[in-house]
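> So that we are looking at the same thing, I have put the structure below in structure tokens.
The values are calculated or read from the model by the stated rules, or taken from the named source; none is laboratory data. All figures in this text were calculated on a predicted structure; none of them were measured in a lab. Positions of Cβ are backbone-derived with ideal geometry, glycine not excepted, and every protein chain shown enters the neighbour counts.
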Amino acid sequence: MSMESTLASIPRSSSKVRRFPVIENTASDWHFEDTAALCDFCSKEIRASKIKYSKLAEKASVCVSTISKMARGETNFPRANTILEILRALGFQVVVRG
């Protein structure tokens, strides 16, 4: 089943908008059209933030190892909620449109 949806990440300090197409969702799993781009975006933002991984993990309510793996680009298929919480912890306003 295909859906016409996007996940947009909007930095609070800028008017730039990044959109990531969603091609399918079932129950609580979201399947992004380009998961690699979403992971890469999150990875770059984690590294650019200069926030200690332990502080970011606490803010995002995820394990420090999750943050570390995301920053190194070792997470290929993260859960949508993990990405959303990390981006929120980094100061992004996340909007999901369907």
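> Might you let me know whether the stretch 5-24 holds any residue that is surrounded by 15 or more Cβ atoms within 10 Å (Cβ to Cβ), small (Gly, Ala, Ser) and modelled with pLDDT of 85 or more?
No, the stretch 5-24 has no match at all.
> Quick one: which helices (runs of 4 or more DSSP H) sit completely within the stretch 46-98 and have at least 3 residues that are in contact (Cβ under 8 Å) with a residue 12 or more places away in the chain, of a type outside the set (S, T, N, Q) and closer than 21 Å to Ala36 by Cβ? Break it down stepwise before answering.
Numbers: elements: 53-60, 64-72, 80-89.
Hits in the stretch 46-98: 64-72, 80-89.
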